[in-house]
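Q: Starting off with a structure, shown below.
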Amino acid sequence: MPVAAELDILKVGNEPGMIGGLLQIIGRTALTCVSTRQSCSVWLKNRVHGTYSIDPATRRPNQPSITEPDREALRANILPLLAASPSRSITVQLANSLKDIVAHDLPNARWPGLIDAIKQLLVSGDIRHVQAGCVASLEVVRAFRFRQKADVLPHDADTAFRCPGNPRNAPSHPQNIPDEHCR
């Protein structure tokens, strides 16, 4: 019985709109339990990792590429889902999906507003948004850390990693690093 269910999921998984449905389940807080949301985020991560690339040489041969409407849904929802994630296990899966999306979309100018969206998260007064901005920044770095080309992120790297300025909610007391950590 589990094998038949897995085959049914594989059939439905290639249908347009499936990713949008998964994103809705992951984002639902009231009616969906965390384990269901986590399962959906794992499935999403695996689908994005194996089939997000448009190039047939770099994606799984037996599965079609993710459709453009589903790609747009991913780009529109992944950062807000990172900010609203209820658990580390879901955040990790979403972050891995983001890394694969960034690796394909950022160098090809398919997600021009990403760096600005990350900056907005980083300067937000909401700690969950700041955390999502930090995770997203890390995934941008991870997406390109083993690339041999020096021109992968020439402009974006310069603008993405500038200090965002003064945080809106400064700490109430100084947070100095102890001297023993500076050696």
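What follows is calculated from the coordinates using simple rules that are stated; it is not laboratory data. Just so we're clear, the structure is a prediction, and the values are computed from it rather than from any experiment. No Cβ is skipped: glycine too gets one built from the backbone with ideal geometry, and neighbour counts run over all protein chains shown.
Q: Which FRET efficiency value, to the nearest 0.05, do you get for Glu72 and Ile127 by plugging their Cβ-Cβ distance into 1/(1 + (r/R0)^6) with R0 = 35 Å? Working shown, then result.
A: Working: r = 28 Å, r/R0 = 0.81.
The value I calculate is 0.75.
Q: Something else: So how strong a dipole does segment 92-153 carry about its Cα centre when Lys and Arg Cβ are +1 and Asp and Glu Cβ are -1, to the nearest 20 debye?
A: Working: 8 positive and 6 negative charges, 37 e Å.
For segment 92-153, the charge dipole is close to 180 debye.
Q: Follow-up. How far apart, in nm, are the 7 Å Cα→Cβ label points at Cys134 and Asn108?
A: Spacing of the two 7 Å Cα→Cβ label points: 3.2 nm.
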